[in-house]
1. Quick one: A:Ala45 ticks every box in (1) in contact with a Gly (Cβ under 8 Å, 6 or more places away or on another chain); (2) within 19 Å of A:Arg181 (Cβ to Cβ) bar one, so which box is it?
2. Please go through the range B:173-203 and give me each residue that is within 14 Å of chain A (Cβ to nearest Cβ) and of a type in the set (A, V, I, L, M, F, W, C), ordered by number.
3. Across the range B:235-245, what is the number of residues that are part of a strand (DSSP E or B) and either among the aliphatic types (A, V, I, L, M) or within 16 Å of A:Glu211 (Cβ to Cβ) (or both)?
4. Which one of these is within 17 Å of the chain's Cα centre (by Cα), among the acidic types (Asp, Glu) and modelled with pLDDT of 95 or more: A:Asp74, A:Asp55?
5. Residue by residue through the range B:42-70, note down the ones that are of a type in the set (A, V, I, L, M, F, W, C), within 27 Å of B:Gly256 (Cβ to Cβ) and in a helix (DSSP H, G or I).
6. Go through the range A:206-233 and give me each residue that's among the charged types (D, E, K, R), surrounded by 20 or more Cβ atoms within 10 Å (Cβ to Cβ) and touching a strand residue (DSSP E or B) at 6+ places or on another chain (Cβ under 6 Å).
7. Kindly establish whether B:Val142 is under 30 Å from B:Lys336 (Cα atoms) and either touching a residue at least 24 places away in the same chain (Cβ under 8 Å) or at the interface with another protein chain (Cβ under 10 Å from one of its Cβ atoms) (or both).
8. Only one of A:Thr187, A:Thr191, A:Thr220 is within 25 Å of A:Glu274 (Cα to Cα) and in contact with a Leu (Cβ under 6 Å, 6 or more places away or on another chain). Can you tell me which?
Number of protein chains: 2
Amino acid sequence: MKWRRVLRKVVVLYLMGTCATLTLTGPALAQDPLPSWNEGPAKQAIVEFVRATTDKASQKYVPPEERIATFDQDGTLWVSHPMYTQVMFCLDRVPAVVKAKPELAKVEPFKTVLSGNQEAMAKLSMKDLEKILAATLTGMSVEEFYAEAKKWIETARDPRWKRPYTELTYLPMLEVLKYLRANGFKTYIVTGGGQDFVRVYSERVYGIPPEQVVGTAGGTKYGYGKDGKPFLTKEPKLLLNDNNAGKPEGIHLMIGRRPHAAFGNSTGDRQMLEYTGAGPGARLMMLVLHDDAKREYAYGPAEGLPDTKVGTFTRALYDEAKKDGWFVISMKKDWKKIFAWE
Amino acid sequence: MKWRRVLRKVVVLYLMGTCATLTLTGPALAQDPLPSWNEGPAKQAIVEFVRATTDKASQKYVPPEERIATFDQDGTLWVSHPMYTQVMFCLDRVPAVVKAKPELAKVEPFKTVLSGNQEAMAKLSMKDLEKILAATLTGMSVEEFYAEAKKWIETARDPRWKRPYTELTYLPMLEVLKYLRANGFKTYIVTGGGQDFVRVYSERVYGIPPEQVVGTAGGTKYGYGKDGKPFLTKEPKLLLNDNNAGKPEGIHLMIGRRPHAAFGNSTGDRQMLEYTGAGPGARLMMLVLHDDAKREYAYGPAEGLPDTKVGTFTRALYDEAKKDGWFVISMKKDWKKIFAWE
């Protein structure tokens, strides 16, 4: 009898232990994967998409190898105002480029950039910017470029928050990236920005390896150094303009599968979302709307605010989103927190 | 005492069970990962490379995210003689193309291909072949192309063995692919062949997903069908000629990391192997030498045989391999078995 009682006690304790374990792991399993999101249709759409595509019993189940999700970067994963980060990098590089080629000092647009006159710089045309990009992003070896970009991204500070640009990533979107990956999705950046530039920090900042960064890409040229060692030089030859129609074209070139989910924030992402939505089965298309002037910036169609040339979100895009069942994420209403350090 | 004896028995049984488990898993762990390879320097080099790059205590340890291995396809992973498989596909497609555009029937090189005159076809110039490739690989939607290529690859037969081309893959190389992947390597195809063509069967045949196929690539054009649905059309515009210097350039464009291992079989792979070897740490460069006329084909420098235009392996390449510490794999001596069905 004594043994029986002990045994019963052990069993009870064991079961209690199990229950305690369940209680401990229960909340962990049920933990909110998107804690920086307010409850609402956007958050609900993401959670429901993940459930439907990963549940084998679901009609919308997607086999793991087909789970591709693409993310625009500027304005979707991190701040892009008042100017794209990569353009800031290029402008900062102008003095070094002029030092190497002094004849540029008297030539526009380099003269204006060197003057430091912000007003004049704001008036630079698209063609001027292209000249600056070509001069600062090409003509060096891939390794030299990586070293320069790495140094800059680690030291440069954003003018508003005085923080490294890599701290201006949106926490709710980082949560989406992690949540999708935890559910077998391969996450890609598909950016109008330079592919080589983004690759420098994408693994550290987003957990996205270089081979999953699709971006505007120039050609390289294979050659040999004085030591006989081969190296690649970045050429001023555009291979892929990864904007607008270039996004689905780039996705086909570099991934070769149609995404099941795509996230953007501007007209440059329209075709990527259209292309994603044109596939059969479960598809999730989302646009980040910048409508929070206090915590970040506000522009675009939502509040009748004037639009911007940096991350344009037109009324027409908003209407297409509504018509095609894309979700518009309101930074103001949907995001509890915008930055991790808030 | 009785209880003690029982307890002792349980412990002994438990330990025996553990030992039995060890004995059972022991041979599985020690199983030869390359059973189709004869013992020799090539096999040894592969095994030693995997050991050194995956052993954390090794000076040559490579973190998993950096484990990239690239493989040429034609002549490295499958048979490329007497003619590249993709060229056979293009020639087979000529009647369908001419049916859609009857005016081509009287124009060279289509006239010659339609004649079926093998002798005349063998004399077609590189320029002629390019015309055939452009006509048969472009001008349709990506989906139409995939459907055509899939149908062909499933039904076409090689002239010598009368088997599907996808059965003419080299078993020893399939073992290397699996072995590397089992050790955390990401395996890529880097082929002079068409990227879209290879992507049709790469996952099924090699276990390599489409996003890990780098190949000669043309541009696509985004547009809308009559139903308003967007689609991509294959354009006759060359974006990447993934041969020779184009291989490291393509690797940089599509992967953005330098491989730690690279496998090829011809002068078209030279720069890929040089580029791989130029990186620090553990690097493995290997060339497949076709020296087995009986079981497959023999050409190239090894036995003083005449070289070929299909998979050229010059004396100069052989000398570079020896000088730079690349391994030359002799199909005759190193491979126990060439095809799985042998």
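The values are calculated or read from the model by the stated rules, or taken from the named source; none is laboratory data. Everything numeric in this text was worked out from a predicted model, so none of it was measured. For neighbour counting, all protein chains shown are included, and Cβ atoms are generated from backbone atoms with ideal geometry for every residue, glycine included.
1. Against the list (1) in contact with a Gly (Cβ under 8 Å, 6 or more places away or on another chain); (2) within 19 Å of A:Arg181 (Cβ to Cβ), A:Ala45 comes up short only on (1).
2. B:Phe185, B:Ile189, B:Val190, B:Phe197, B:Val198, B:Val200
3. Adding up the residues that qualify gives 3.
4. So the residue among A:Asp74, A:Asp55 that is within 17 Å of the chain's Cα centre (by Cα), among the acidic types (Asp, Glu) and modelled with pLDDT of 95 or more is A:Asp74.
5. Of everything in the range B:42-70, those that are of a type in the set (A, V, I, L, M, F, W, C), within 27 Å of B:Gly256 (Cβ to Cβ) and in a helix (DSSP H, G or I) turn out to be B:Ala45, B:Ile46, B:Phe49, B:Val50, B:Ala52.
6. Across the range A:206-233, there are no qualifying residues.
7. No, not satisfied.
8. A:Thr187
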